[in-house]
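**Student:** Pasting a structure below so you can have a look.
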Amino acid sequence: MPSVEELRASRPPEPGFARILLIIAVVLWVPVAGYVYYEGASLVAVALFLVVFGAFGAVKGRQAGRIMTTVAVGVTILAMAPYCWQGFRDSNPYGAAYAAMDIVAVLLSAIALTKLYHPNTNRYVEQVTAARHE
């Protein structure tokens with residue numbers, strides 16, 4: 001059985017692609033969250049941090065990283081998705097731009113989650129888990 005380092009060196013492209021998409025989504029969500037939750041953005045800020053932190057763990061083949069990312073993306077989407085349509089009716093001149101950024105971030109994160117649970121990624125995580133427990 002290959003070692004953890006060998007498995008990580010030959011990992012499938014899906015987890016890395018998912019990490020890139022999630023980082024782009026977080027970069028898009030930060031200004032939107034700052035505007036929407038300008039006083040109480042602490043929960044969203046923690047969730048955004050956990051999205052990135054978990055994505056790095058998922059690339060290392062850690063099941064906990066995938067779970068952390070999934071839960072954090074879920075929390076973020078629940079907090080941010082209503083602005084996808086409310087932003088177009090916002091009186092702020094940048095409301096429509098923020099709503100568009102929010103929509104793109106939601107779509108990117110959804111695509112990234114499908115890549116995190118792709119069969120190649122599932123096999124990679126299972127192999128890394130088995131190699132870590134030997």
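Values quoted throughout were computed directly from the atomic coordinates according to the rules given, and no laboratory measurement underlies them. Keep in mind that what you see is a predicted model, and the values were worked out from it rather than measured. FYI the Cβ positions are ideal-geometry reconstructions off the backbone, even for glycines, and counts take in every protein chain you see.
**Student:** What residues qualify as long-range amide H neighbours of His118, i.e. H under 5 Å apart, gap of 5 or more or another chain, H built at 1.01 Å from N?
**Tutor:** none
**Student:** To continue, here is another question. Using only the alpha carbons, work out the radius of gyration and Dmax of the range 44-105 in angstrom.
**Tutor:** For the range 44-105, the Cα-based Rg and Dmax read 14.0, 45 Å.
**Student:** Scaled to the compact-protein estimate 2.2 N^0.38 Å, what is the alpha-carbon radius of gyration of the range 4-132, rounded to two decimal places?
**Tutor:** Values: Rg = 15.9 Å, N = 129, 2.2 N^0.38 = 13.9 Å.
It is 1.14.
**Student:** On a full-extension model of 0.36 nm per residue, what is the gain between Ala100 and Phe56, subtracting their alpha-carbon distance, rounded to one decimal in nm?
**Tutor:** Residue separation times 0.36 nm, minus the Cα-Cα distance, leaves 13.2 nm.
**Student:** Which loop chymotrypsin sites (Phe, Trp or Tyr not before Pro) in the range 48-134, with loop taken from DSSP, have no more than 12 other Cβ atoms within 10 angstrom of their Cβ?
**Tutor:** Passing both the DSSP loop test and the Cβ count: no residue.
**Student:** Place +1 on the Cβ of every Lys and Arg and -1 on the Cβ of every Asp and Glu in the chain, take the dipole about the Cα centre, and give the residue among Val30, Ala96, Pro12 whose Cα lies farthest towards its positive end.
**Tutor:** The residue sitting most towards the positive pole is Pro12.
**Student:** I've got another one for you. To the nearest 20 debye, what is the magnitude of the charge dipole of the chain about its Cα centre, counting +1 on the Cβ of each Lys and Arg and -1 on the Cβ of each Asp and Glu?
**Tutor:** 240
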